[in-house]
Amino acid sequence: MREDIITEDAAIREQELLRQFQADDEVYLTQFAAEYQLVAGKLGAPRLLHSLGVAQTAARLAQKYGADDKKAYLAGLCHDIAKELPRDEQLTLLLRSPLAGDEDVLAHKVLWHAPAGAVLLGDFAAEYPRLDEEIQQSCLWHTLGKPQMTVLEQLVFVADLIEPGRDFPDLAHIRAAAEESLTAGVAACMYGAIHFLEVQQRFIHPLAFQGYEYYKNLL
């Protein structure tokens, strides 16, 4: 009985947060109503809240650093579109992506959703033309990161880690770095991810180290 109450309370809170995002981001969500409905149809409430948080954060950073805030919002909104697809569907999509030949990605299912999402967005692009190559690429690289990311790719990469719903050690430092410069934010996110995975004794893709060295050397 107690678990039922907790679950019901969580669901009510999620709906309250969704309504708050819809009110705060009305201008963006009016413009991208079709894309929002597409994403909302693929994700449960917690993941949708995360996606809205990433969208809002990416747009804010875009405004701060002179980039296209509308495109940043849309990219953030769509970045996890494949996250809750069954693993077999993720794999089918992944095998059509630029990372299909990466044995390290294939061996680690946690990395599948980003390339799968990029391909899925490409499949939807004919019907939703705003889901263009730039949006697809920002989805492709939002988890791994890499050297020489575009500004949009950097915005989504950073926003994914620092959006308001996140809470983990060192987050305050990473958020502060993102306010210092976009490059500093990317480097801090990459270092934080590497450190977390090292502590957990989990696999770290070589691109994570390459990306960190690249952005660290830009500072």
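All of the numbers you see were taken from the coordinates with simple rules; none came from a lab. Everything numeric in this text was worked out from a predicted model, so none of it was measured. With ideal geometry, Cβ positions are generated from the backbone for all residues, glycine too; neighbour counts draw on all protein chains shown.
Go ahead and set up a Gaussian network model of the chain, Cα springs under 10 Å, then flag whichever of L140, L48, L197 fluctuates most.
In this elastic network of the chain, the residue with the biggest mean-square fluctuation among L140, L48, L197 is L197.
Between L106 and Q200, take the C-beta separation as r, use R0 = 25 Å, and let me know the FRET efficiency to the nearest 0.05.
About 0.75, to the nearest 0.05.
Find the all-direction average of the projected area of the Cα convex hull for segment 55-126, expressing the result in square nanometres with one decimal place.
Computing the convex hull of the Cα atoms and averaging its projections yields 5.5 nm².
At 25 °C and 0.890 mPa s, what whole-number value in µm²/s does Stokes-Einstein give for the translational diffusion of segment 2-218, with Rh from the Kirkwood sum over Cα pairs?
It diffuses with D of about 139 µm²/s by this estimate.
Using 0.36 nm per residue of separation minus the Cα-Cα distance, give me the extension gain between A11 and A23 in nm, one decimal. Each step should come with its number before you reach the end.
Details: separation 12, 0.36 × 12 = 4.32 nm, distance 1.85 nm.
Separation in residues times 0.36 nm, less the Cα-Cα distance, equals 2.5 nm.
Which of R13, R96, R166 moves the most in a Gaussian network model of the chain with Cα springs under 10 Å?
The residue with the greatest mean-square fluctuation here is R13.
Starting with the fewest neighbours, write out V186, V199 ranked by other beta-carbon atoms found within 10 Å of each beta-carbon.
V199, V186
Please compute the volume of the convex hull spanned by the alpha-carbon atoms of segment 117-173 and report it per residue in Å³.
It comes to 102 Å³ per residue, whole-number rounded.
Points 7 angstrom from Cα along the Cβ direction at H173 and T150: gap in nanometres?
3.2 nm
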